[in-house]
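Q: Take a look at this one; I'll ask things after.
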Amino acid sequence: MAQEDVFKKLVSHCKEYGFVFPSSDIYDGLAAVYDYGQMGAELKNNIKKYWWDSMVLLHSNVTGIDSSIFMHPTIWKASGHVDAFNDPLIDNKDSKKRYRADVLIEDQIAKYDDKINKEVAKAAKRFGDSFDEEKFRATNPRVIEHQEKRDALHERYKKAMNDNDLESLKQIIVDEKIVDPVSGTDHWTDVRQFNLMFSTEMGSTADGAMKIYLRPETAQGIFVNFLNVQKTGRMKIPFGIAQIGKAFRNEIVARQFIFRMREFEQMEMEFFCRPGEEMKWFEMWKATRIKWHKALGFGDDHYRFHDHEKLAHYANAATDIEFLMPFGFKEVEGIHSRTDFDLSQHEKYCGKSIKYYDPELGESYTPYCVETSIGLDRMFLSVISASYTEEQLEKGETRVVLKLPAPLAPVKLAVLPLVKKDGLPEVAQRIVDDLKFHFNCQYDEKDSIGKRYRRQDAIGTPYCVTVDHDTLNDNCVTLRNRDTMQQERVPIAELNNMIADKVSIVSLLKKLV
Ligand code: ATP
C-alpha cells in the first residue's frame with residue numbers, strides 16, 4: 001500500500017478509536033489544532049512519563065519545573081524571537097496557497113536524493129551479492145549527474161539561508177522550476193519573512209494593556225528560572241532543568257496531521273555546564289537521547305541524526321533526531337548547544353547578574369547550555385505510526401493492530417466475560433477491581449469475543465483475559481497476547497505478577513541504564 005494511503009488510514013484510525021480528534025470538530029475543525037481523546041490522552045501521558053522519569057529520576061543532576069505560558073514580553077526580545085523567529089514564506093498566485101520557501105527547496109533536494117536512491121536500489125537488485133555500492137555511486141554517470149545537481153542546489157540553499165537572502169531563495173525556486181503542487185504553476189510572489197509568535201493583550205485597555213506573546217518554546221521559562229532553581233535546589237554545575245508544556249507557533253503551512261500544529265507540547269531539558277565543556281555534554285546528550293528512542297523497539301533503522309545546515313542564532317552545534325514517518329524521515333527532536341546566549345541575553349535585558357559561582361574553580365561565569373527539545377505530539381505520531389499494523393490472518397481475515405510498546409499502551413489489560421450471565425461478569429469485574437490500582441484495565445462485555453479482541457487490538461491493549469465457565473471452578477482465565485495472539489490458561493492470582501512489570505514504564509527505563 002502506498003505510504004500516503006497508510007497515513008490516511010492512520011489519521012482515520014486515530015479518530016475512530018478516540019486517539020486524536022480535530023479541534024472544534026462539530027464546528028468543522030480549526031486548522032492545525034487537535035484534541036486528544038480518551039485513548040490519546042493516556043498514550044500521551046505515558047510518553048510524558050517515560051520522558052520525565054528518564055530525565056528526572058535517572059539523572060540525579062536533572063530536576064523539573066513547570067513555568068507559566070505567559071511571560072514578560074521583554075523575554076522574547078532578549079531571546080531573539082521578536083526579531084528573528086521568522087519563516088520565509090512564498091505564495092502561489094494561482095492557488096493562493098502559502099508555502100515555506102525553505103521547505104519547498106528542501107523537498108526539491110529530497111527529490112534528487114530519491115532519484116539517486118532509486119538508481120542504487122535498481123543496480124543492487126541487478127548485480128545481487130557482487131554489488132559494490134560505493135563504486136557504483138562514484139562511477140555511474142546518472143548518479144553522478146544527480147549528485148552534482150543536488151550538491152550545487154544544497155550549497156546555494158545553505159548560503160541563501162545563512163545570509164537571510166530572500167531574493168536568492170526566490171531565485172532558487174525559479175531556477176529549479178519548482179511548481180505549486182496544487183495549481184501546478186510557477187507563478188510565485190516574492191519571498192517574505194513571517195514572525196511565528198502569537199500575541200495577545202494582558203490587562204484592560206484602560207490601564208494601557210500590555211502586548212504579550214504565547215510562548216513559542218518552553219525553554220525560556222527554564223532560562224529565566226535558572227537562578228531560582230540553582231539557588232533553592234543548591235544545584236552544582238553541571239545540572240539540567242526539564243520541563244513539559246504547551247508552546248504556540250503560527251505555522252504558515254500546517255500539514256501532516258499532528259506533525260505541525262499551531263498549539264503543541266514540548267518536552268525540553270536545558271543542561272548547564274562550564275564554558276568549553278559544552279561539546280562533551282552535547283555528545284553525551286546525543287547518545288542518551290537516541291538510546292531513549294531506540295529503547296522503544298521500533299528498529300534502529302527508523303532513526304537517524306541530521307546535522308543542521310543553518311545554525312540558529314544561539315547555537316554552536318545542532319542536530320536533529322529524525323524518525324521514519326509514513327511520509328519520510330522527519331525531525332522529532334532537536335539537540336542544540338546554545339552556548340551562553342540565553343543567560344547572557346537575559347542578564348543584559350533584565351540588568352541583573354545571572355552568573356554562577358563555581359566553588360571548584362573559585363570563579364564566576366555564565367554557564368553554557370546544551371538543550372534537548374522534543375515535540376510530544378510528533379513523538380506521539382512517530383509511536384502510533386510505527387505501531388499501526390494491518391495483518392492478514394487465516395481464513396482471509398484481517399486485523400488492524402497497534403503494536404504499541406506495552407508500557408505506552410493506553411489500556412494494559414482488557415477483562416472479558418465470555419457471556420453476560422452465569423456470574424461471569426461479576427468475576428471479571430472483581431479482577432478489574434483488584435488490578436486497577438496497578439495498571440489501566442478495561443472491562444468489556446459487549447459483542448462476541450472475536451469482536452472484543454479486535455477492538456482491543458485496535459487500541460493496542462497488550463493483554464486480554466477471558467473469564468469463562470471453567471473459571472468458576474478453577475480460578476483460572478485465558479490470557480491472550482496481542483502480538484502473538486497466543487492464549488494460555490493462568491491463575492487469576494498470578495495476573496498481576498505476569499503483567500505488571502511488562503506494562504510498567506520501569507521496564508523501559510531499565511533499558512537506559
Ligand atoms: P521544524 O523545523 O519542523 O519547524 P523546529 O526546528 O522549528 O521544527 P524546534 O524549534 O527545534 O523545531 O522545536 C523542538 C521540537 O518541537 C521539534 O523537534 C518538534 O518535535 C517540536 N515542534 C516544533 N514545532 C512544532 C509544531 N508546529 N507542531 C508540533 N511539534 C513541533
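Q: Can you list the HN-Hα couplings for the stretch 52-65, worked out from phi with the Karplus curve (6.51, -1.76, 1.60; θ = phi - 60°), rounded to whole Hz and with x for Gly and Pro?
A: Once θ is set to phi - 60°, the couplings for the stretch 52-65 become 4, 5, 5, 7, 8, 7, 7, 10, 5, 9, 10, 10, x, 9 Hz.
Q: Just want the answer: with Cβ charges of +1 for Lys and Arg and -1 for Asp and Glu, which residue in 440, 54, 314 is farthest toward the dipole's positive end in the chain?
A: Working it through, the farthest residue towards the positive pole turns out to be 440.
Q: Something else now. What fraction of the DSSP beta bridges in the chain is antiparallel, stated in percent and rounded to the nearest 5? All intermediate terms of the calculation are to be shown ahead of the outcome.
A: Numbers: 70 of 82 bridges.
Counting only bridges with both partners in the chain, antiparallel ones make up about 85 percent.
Q: Then there's this: Can you tell me the dipole magnitude for the stretch 80-162 around its Cα centre, using point charges on the Cβ only (Lys, Arg +1; Asp, Glu -1), in Debye to the nearest 20?
A: It comes to approximately 360 debye.
Q: Would you list 330, 231 from the most to the least accessible area, probe 1.4 Å?
A: So the residues, ranked largest to smallest area, are 231, 330.
Q: While we're here: Excluding ligands, DNA and RNA, what is the solvent-accessible area per residue of the chain at a probe of 1.4 Å, expressed in Å²? Working shown, then result.
A: Working: 25060 Å² over 513 residues.
I get 49 Å² per residue for this part.
Q: Ok, one more. What ranking of 331, 134, 201 comes out by heavy-atom accessible area, probe 1.4 Å, highest first?
A: Ranked list, largest accessible area first: 134, 201, 331.
Q: Let me ask something else. For the stretch 86-195, just the Cα atoms, rotate onto the principal axes and tell me the three extents in Å, largest first.
A: Sorted largest first, the three principal extents are 52, 30, 21 Å.
Q: Please report, as a whole percent, how much of the solvent-accessible surface of the stretch 32-182 comes from carbon and sulfur atoms (probe radius 1.4 Å). Intermediate results must be reported in sequence, preceding the final value.
A: Values: 4160 of 8380 Å².
About 50 percent, which is the carbon plus sulfur part of the accessible surface.
Q: Using a 1.4 angstrom probe with every protein chain in place, what is the largest-first accessible-area order of 95, 130, 12?
A: 130, 12, 95
Q: A follow-up question, please. Starting from 0.36 nm per residue, how many nanometres of slack lie between residue 165 and residue 142 once their C-alpha separation is accounted for? Show your work: numbers first, answer last.
A: On the way: separation 23, 0.36 × 23 = 8.28 nm, distance 3.15 nm.
Net length gain for the segment: 5.1 nm.
Q: Among 385, 373, 354, whose Cα lies farthest out toward the positive end of the dipole of the stretch 342-420, if unit charges sit on the beta carbon of Lys, Arg (+1) and Asp, Glu (-1)?
A: 385
Q: Turning to a different aspect of this structure: Enter the mean projected area of the convex hull around the alpha-carbon atoms of the stretch 406-512, in nm², rounded to one decimal. Don't skip to the end; give the middle numbers.
A: On the way: hull surface 25.6 nm².
Average projection, Cα convex hull of the stretch 406-512: 6.4 nm².
Q: While we're looking at this one, here's another question. Extending each Cα 7 Å along its Cβ direction at residue 121 and residue 436, get the distance between those two points in nm, one decimal.
A: About 4.9 nm separates the two model spin labels.
Q: Continuing with this model, one more query. Using alpha carbon centroids, what distance separates the stretch 454-505 and the stretch 265-327, in Å?
A: Spelled out, the Cα-based centre of one part sits 38 Å from the other.
Q: In addition: Give me the dipole magnitude in Debye, nearest 20, for the chain about the Cα centre, with unit charges on the beta carbon: positive for Lys and Arg, negative for Asp and Glu.
A: Result for the chain is approximately 320 debye, rounded to the nearest 20.
Q: Another question, if that's okay. So for the pair residue 312, residue 347, with labels modelled 7 Å out along Cα→Cβ, what separation do we get in nm?
A: 2.1 nm
Q: Let me ask you something else. Over the stretch 333-414, calculate the relative contact order: mean separation of alpha carbon pairs under 8 Å at least 6 apart, over the residue count, as a percent. Can you show the working numbers first?
A: Details: 80 pairs, mean separation 20.1, N = 82.
Answer for the stretch 333-414 is 24 percent.
Q: Before rounding to the nearest 500, sum -39500 (n - 2.57) across all DSSP H runs of length at least 4 in the chain and divide by the residue total; then give [θ] at 222 nm in deg cm²/dmol.
A: On the way: 18 runs with 196 residues, N = 513.
Calculated mean residue ellipticity at 222 nm is -11500 deg cm²/dmol.
Q: Counting alpha carbon pairs within less than 8 Å and at least 6 residues apart, what relative contact order, in whole percent, applies to the stretch 86-195?
A: Worked out over the stretch 86-195, it gives 47 percent.
Q: Report relative contact order for the chain in percent, whole number only (criteria: Cα-Cα under 8 Å, sequence separation at least 6).
A: Reported relative contact order: 14 percent.
Q: Find which of 130, 120, 95 sits farthest along the positive direction of the dipole of the stretch 94-135, computed with +1 on the beta-carbon of Lys and Arg, -1 on that of Asp and Glu, about the Cα centre.
A: Among 130, 120, 95, the one farthest towards the positive end of the dipole of the stretch 94-135 is 95.
Q: Are there any trypsin sites (Lys or Arg not before Pro) in the stretch 412-504 that are in a DSSP loop and have at most 11 other Cβ atoms within 10 Å? List them by number. Walk me through the numbers before you get to the answer.
A: Values: sites: 412, 420, 421, 430, 436, 446, 451, 452, 454, 455, 480, 482, 489, 502; in loops: 412, 420, 421, 436, 446, 482.
For trypsin sites (Lys or Arg not before Pro) across the stretch 412-504 that sit outside H, G, I, E and B with at most 11 neighbouring Cβ atoms in 10 Å, the list reads 420, 421, 446.
Q: List the GluC sites (Glu not before Pro) within the stretch 367-409 that fall in a DSSP loop (any state other than H, G, I, E or B) and whose Cβ has at most 10 other Cβ atoms within 10 Å. If you can, show how the numbers build up before the last one.
A: Details: sites: 371, 390, 391, 394, 397; in loops: 397.
Answer in residue order: 397.
Q: Counting only DSSP beta bridges with both residues in the stretch 406-512, what percent are antiparallel, rounded to the nearest 5? Don't skip to the end; give the middle numbers.
A: On the way: 9 of 17 bridges.
Percent antiparallel among DSSP bridges in the stretch 406-512 is about 55.
Q: Next question, about the same structure. Magnitude of the Cβ-charge dipole of the stretch 286-342, K/R +1 and D/E -1, about the Cα centre, nearest 20 debye?
A: Values: 8 positive and 10 negative charges, 33 e Å.
Once rounded to the nearest 20, the dipole reads 160 debye.
Q: log10 I(q)/I(0), Debye, Cα-only the chain, no solvent, q = 0.07, 0.12 Å⁻¹?
A: -0.49, -1.25
Q: Separate question: Filter the trypsin sites (Lys or Arg not before Pro) in the stretch 234-305 to those in DSSP coil with at most 14 other Cβ atoms within 10 Å of their Cβ, and list the result.
A: Hits after loop and neighbour filter: 234, 236, 255.
Q: Sticking with this one: At 1.4 Å probe size, with no ligands or nucleic acids counted, give the accessible surface of residue 103 in Å², nearest ten.
A: Estimated to the nearest 10 Å², residue 103 gives 40 Å².
Q: With the cut-off at 22 Å, tell me which of the pairs 330/412; 8/502; 49/403 have Cα atoms farther apart than that.
A: 330/412; 8/502
The values are calculated or read from the model by the stated rules, or taken from the named source; none is laboratory data. Values in this document were obtained by computation on a predicted structure and should not be read as measured data. Here Cβ is always computed from backbone atoms with ideal geometry, including for glycine, and neighbour counts include all displayed protein chains. Accessible surface areas use protein heavy atoms only, side chains included; no ligands, DNA or RNA. Shrake-Rupley method; radii C 1.70, N 1.55, O 1.52, S 1.80 Å.
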